[in-house]
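This report refers to the structure that appears directly beneath it.
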Amino acid sequence: MTSNFIFTLSCADRPGIVAAVTTELAALGANIAESNQFWDRETGMFFMRIAFTAPEGVGRDRLERALRPAIERFAMRTQLIDRARRKKLLVMVSKFDHALLHLLYQIRVGWLDCEVAAIVSNHDDSRATAEYERIPFHLLPVDKADKAAQEEQVLKLFQQSGADLVVLARYMQILSDRFATRLYGQIINIHHSFLPSFKGAKPYHQAHERGVKIIGATAHYVTPELDEGPIIEQDVGRVTHAMTPDDLIAAGRDIESRVLARAVKLHLENRVMLNGRKTVVFG
């Protein structure tokens, strides 16, 4: 029985990287199904993602042994992912549940290949949804005087549930620098703007007051800098002067839901690689 893997790497660019990896895979009888690569000329870094099928008897241990000389020779940062393992999400939500509901639907129809290990909220509004979907629901209110205690509970739940990714599906709390740093590259947020503008309360009202003609959403990794993390996915929609703030909010909900789901899918398929303050996204 064959096994499916994804191998990603990043390192300083120099000749022979692709050959070193593909030669070892070919020697093991692996069949490459997809290969993407990018050379960032500004930083001199090279990024690569290979999806391949390994023949029966060739498992993770043997692959790691075969690839180790190339990894050490080029000082690669790598990941080897067994696609047989279904990844788990820990979804955090406040009162607005449109992004959460869209994620659950895309999982149900199979477009997102993952499961939700738990839903965490600082409000009780999504409990009924979690119970209907048979997903553990954790009400963890935020005490402004001691937010660290609540975040420790979330971290503990993340570890105990075996989750791979935290998804902030319109979770309306600012995470601490400590939390964002501990799970760097493992938290995706949806920001209600095409660019990091209109921060704070009522962003669509701010956009309406400024007479914007395009609204959008940005999905990004969470960093200590508020809404400034490496961008994964974005989309926009046109609006007009005749639309009210409520119309903008309704249009924004649709864009936010779609952008977040696409970003989660890209992450789950290991198509996103961090490149400093930016990302390399292999579509």
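Just so it is clear, none of the values below were taken in a lab; they were calculated from the coordinates. Here the structure is a predicted model, which means the values were calculated and not measured. Because the Cβ atoms are built from the backbone with ideal geometry, glycine has one as well, and the counts that use them run over all protein chains shown.
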Open item on the list: For the chain, what does the helix formula give at 222 nm: sum of -39500 (n - 2.57) over DSSP H segments with n ≥ 4, over the residue count, nearest 500 deg cm²/dmol?
Closed with: -10500 deg cm²/dmol
Task: Segment Ala84-Glu72, extension gain: residue separation times 0.36 nm, minus the distance between their alpha carbons - done: 1.6 nm
- [ ] Output ³J(HN,Hα) for region 70-81: one whole-Hz value per residue in order, computed from phi by the Karplus curve 6.51 cos²θ - 1.76 cosθ + 1.60 with θ = phi - 60°, and x for Gly and Pro.
- [x] 5, 4, 6, 4, 9, 6, 7, 9, 10, 9, 10, 10
Open item on the list: Largest first and in whole Å, what are the equivalent-ellipsoid semi-axes of region 5-124 based on the Cα gyration tensor, each being the root of 5 times an eigenvalue?
Closed with: 35, 19, 12
- [ ] Choose one answer from Arg178, Arg170, Arg41: the residue with the largest mean-square fluctuation in a GNM of the chain with alpha-carbon springs under 10 Å.
- [x] Arg41
TODO: Work out from phi, with θ = phi - 60° and the Karplus expression 6.51 cos²θ - 1.76 cosθ + 1.60, the ³J(HN,Hα) of each residue of region 269-283, listed in order in whole Hz, and give x for Gly and Pro.
DONE: 8, 6, 9, 10, 10, 6, 9, x, 8, 10, 10, 9, 10, 8, x
Open item on the list: Cut-off under 20 Å on the C-alpha distance; same-chain residues fewer than 8 positions from Lys278 excluded. Which lysines are left, in chain and number order?
Closed with: Lys265
TODO: Could you give log10 I(q)/I(0) at q = 0.14, 0.19, 0.23 Å⁻¹ for region 194-283, computed by the Debye formula over C-alpha point scatterers of equal weight, without solvent?
DONE: -0.53, -0.88, -1.12
Task: Distance cut-off 33 Å, percentage of C-alpha pairs in the chain lying past it - done: 30 percent
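Express in nm, to one decimal, how much length is gained between Asp124 and Ala12 on full extension, taking 0.36 nm for each residue of separation and deducting their alpha carbon distance.
35.5 nm
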Open item on the list: To the nearest 20 Debye, how big is the dipole of the chain about its Cα centre, given +1 on the beta carbon of each Lys and Arg and -1 on that of each Asp and Glu?
Closed with: 380 debye
Task: Cα-based reach from Lys213 at 22 Å (exclusive), listing lysines while leaving out same-chain residues under 8 positions away - done: Lys199, Lys202
- [ ] Treat the count of other C-beta atoms within 10 Å as a stand-in for reagent exposure and order Arg60, Arg65 from fewest to most.
- [x] Arg65, Arg60
Open item on the list: Please check: in the Gaussian network model of the chain (C-alpha springs, under 10 Å), which one of Ala26, Ala51, Ala117 has the largest mean-square fluctuation.
Closed with: Ala26
Task: Proximal aspartates and glutamates to Lys87, defined as alpha-carbon separation beneath 13 angstrom and excluding residues fewer than eight positions away on the same chain - done: Asp113, Glu115, Asp164, Glu269
Open item on the list: Which three extents, in angstrom, do the Cα atoms of region 1-61 have along their principal axes, listed largest first?
Closed with: 43, 19, 16
Task: Value of relative contact order over the chain, rounded to a whole percent, pairs C-alpha under 8 Å and six or more apart - done: 15 percent
Task: Most mobile listed residue (Asp146, Asp177, Asp254) in the chain, GNM with C-alpha springs under 10 Å - done: Asp146
Task: Label-point separation in nm, Ser35 to Gln206, each point 7 Å along Cα→Cβ - done: 4.6 nm
